[in-house]
Amino acid sequence: MTAETVNNVLGYVTSAAFGLLGVVSFWYWLRRRDEPTFWAALCFGALGAVALAGEVLPETADSNFEIVAQRILVIVLVLFPYLLFKFTSAFDPSSRRLEWIAAGATAGLIVWTIVLPDFPQTGEHRSLGFSIYVYALVVQFGFLSIVAAYRLWRAGRDQPSVARNRMRMLSIAAVALAAAILCAVAAPADDQGIQIAVSALAIASALAFLLGLSPPRVVRLVWRRPEQERFRDAIGGLMVATTPGEVADNVLPPMTRLVGARAVLLLDDDDNVIAHHGEPRPVPREGPDVLRLDTGGPVIGLMEGCVYRQDCVTLADGDVLVAYTDGISEAMDADADLFGDSRLSRIVEEHGHLESSELRERILREIEAFVGAADQHDDMTMILMKVEQPVPAHVGGSEVPSLTSAPVDQTAGTHG
C-alpha cells in the first residue's frame with residue numbers, strides 16, 4: 001500500500017469521524033435544547049459539514065458553483081473556532097473585551113475571504129496577499145482555539161472526574177485540531193508523510209471531541225473508578241475512626257473530589273460545623289445572604305382604592321436588587337415544574353459578584369436551560385440593579401450609593 005493510498009484512506013476516516021461528531025452534537029441539542037448544546041451543535045456541525053463537503057467537491061474549482069462552494073467552506077472553517085469559543089462562554093461567561101476581539105477577528109477574516117480576488121489551486125503560485133491571508137487565518141484559528149482550550153480545561157478543574165475528563169478531552173481536541181491546521185498549511189502538499197501525520201492528528205482530534213461530547217458508558221466508568229476506590233477506602237477508614245476529626249480526615253477529602261465541590265462541611269444534629277475540608281469557610285455578613293422583600297399589596301392596577309405598605313432596606317456596596325414578575329419564578333419545564341424563587345435566589349447568591357449585565361445573562365441562561373423547549377404563557381420581566389461604590393452625593397447627611405441596572409423584558413404571552 002502506497003503512502004498516497006494510506007493518506008486517502010485516512011482522509012475518508014477523518015471526514016467520517018467529523019461527520020459523526022456533527023450528528024452527535026445535533027442529536028444532543030435535540031434532546032436538551034439549551035444554550036451549551038446549541039453552540040456545540042453549530043460548532044461541531046459546521047466542522048462536520050466542512051469535512052464531508054471537502055470529500056464531495058473537487059480539489060480544483062473550475063465552475064462558478066465550485067468556486068462559491070469553496071469560499072463558503074472556508075468561511076465555515078473560519079467560524080469554527082469562534083463557535084467553539086461561544087460554546088465555552090455558554091457555561092463560563094467571558095469578558096466583553098474578549099467577546100469583541102473574537103467576534104471582530106472572525107468577522108474581519110470572513111470579509112477578507114469574500115473579497116479575496118482568487119484562491120490558488122493545488123500546486124499554483126501563492127501571491128503575497130494570499131500568503132498573508134493564510135497566515136491571518138492560522139493566527140485567528142490558533143488563537144481562538146487555544147483560548148477555548150484553556151477555558152475548557154479551567155472549567156473542568158473543580159468538577160467531578162467524569163465532567164473534568166470530558167472538559168479536558170475537549171480542550172485537548174481543540175489544541176490538536178489547531179496543530180493539524182497549522183501543519184497542513186505549513187507542510188508541502190506533495191509530502192505524503194507529513195500529510196499522513198496531519199490526517200492522523202485530525203482523526204485523534206475528532207475522537208477526542210467525541211469522547212468529550214458523548215463518552216461511552218464504559219469510559220465514564222473508567223474515569224469514575226479512581227474516585228470511587230478512594231471513597232471506598234475512606235469508608236473503610238471509618239471503622240477505626242474514634243473522633244469527628246478522624247472521620248473528617250478520612251471521608252471529606254475524597255467526598256469533595258467525588259462530587260466536585262469546593263468545600264464539604266460535616267455537621268452535627270444541630271447543624272453546627274464540626275469539620276471542614278476545602279476552601280476556607282466564608283465569613284457571613286450580618287443578616288441574610290438573600291432577603292425577600294414581601295412588603296407591598298395586591299397587584300398594581302387590579303382595583304381602585306388599594307392600600308400598599310412600604311418598607312426601607314439599607315443596601316451596601318455589592319448588594320444586588322432583583323425585581324421580577326411571576327413569569328420568571330413560575331417558568332415551567334416540560335414536566336410542569338416551576339423554576340421557583342429558591343432557584344433564582346441561589347443563582348443570585350452564587351453569582352452576585354458578576355456585573356449586573358453578566359448576572360442577568362446568567363439568570364436567563366439558567367431559565368432557558370430549565371424550561372428547555374416547553375412553551376411559556378406569561379410575561380418574563382426582570383429589573384436587576386447592583387450597588388457600586390458610593391458617589392459623593394449626600395441626602396440627609398449620608399452617602400447615596402450608585403446603581404448599575406440591567407433590565408430584561410421578554411414577553412411570552414399575555415399576563416393574566
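The values are calculated or read from the model by the stated rules, or taken from the named source; none is laboratory data. Because the structure is predicted, anything quoted here is derived from the model rather than measured. Backbone-built Cβ (ideal geometry, glycine too); neighbour counts: all protein chains shown.
Descriptive notes on the structure:
- Qualifying positions in the range 55-101 - within 18 Å of Leu177 (Cα to Cα) and hydrophobic (A, V, I, L, M, F, W, C): Leu73, Val74, Ile75, Val76, Leu77, Val78, Leu79, Phe80, Leu83, Leu84, Phe85, Phe87
- In the range 69-105, residue surrounded by the most Cβ atoms within 10 Å (Cβ to Cβ) [restricted to those that are among the charged types (D, E, K, R) and touching a residue at least 12 places away in the same chain (Cβ under 8 Å)]: Lys86
- The range 211-225 - residue that is out of contact with any Phe, Trp or Tyr (no Cβ under 9 Å at 6 or more places or on another chain), not in a loop (DSSP other than H, G, I, E, B) and not charged (D, E, K, R) and, of those, surrounded by the most Cβ atoms within 10 Å (Cβ to Cβ): Gly212
- Flag for Ser199 being of a type outside the set (D, E, K, R), in a helix (DSSP H, G or I), at pLDDT below 90 and loosely packed, with under 13 Cβ neighbours inside 10 Å: no
- Single residue of the range 342-356 satisfying the filter (among the hydroxyl-bearing types (Ser, Thr, Tyr) and crowded, with 16+ Cβ neighbours inside 10 Å) that is nearest to Asp317 (Cα to Cα): Ser356
- So Phe119, is it at pLDDT below 90 and under 30 Å from Arg360 (Cα atoms): no
- Residue match in the range 32-48 (condition: among the hydroxyl-bearing types (Ser, Thr, Tyr), touching a residue at least 24 places away in the same chain (Cβ under 8 Å) and in the same structural domain as Leu152 (by TED's automatic domain parsing)): no
- Of the set (1) modelled with pLDDT under 75; (2) under 30 Å from Gly156 (Cα atoms), all apply to Phe85 but (1).
- Selection status of Ala102, touching a Phe, Trp or Tyr at 6+ places or on another chain (Cβ under 6 Å) and more than 22 Å from Ala208 (Cα to Cα): yes
- Matching residues in the range 362-381 - criterion: being among the aromatic types (Phe, Trp, Tyr) and assigned to a loop (DSSP other than H, G, I, E, B): none
- Of the residues making up the range 381-394, none is at positive phi, exposed (fewer than 12 other Cβ atoms within 10 Å of the Cβ) and at pLDDT below 80.
- Every residue from the range 96-126 that is assigned to a loop (DSSP other than H, G, I, E, B) and in contact with a helix residue (DSSP H, G or I) (Cβ under 9 Å, 6 or more places away or on another chain): Leu116, Pro117, Asp118, Phe119, Pro120, Arg126
- Enumeration of residues in the range 144-177 that are surrounded by fewer than 22 Cβ atoms within 10 Å (Cβ to Cβ), within 20 Å of Val76 (Cα to Cα) and in contact (Cβ under 8 Å) with a residue 60 or more places away in the chain: Val147
- Residue match in the range 54-68 (condition: surrounded by 13 or more Cβ atoms within 10 Å (Cβ to Cβ), part of a helix (DSSP H, G or I) and among the polar types (S, T, N, Q)): no
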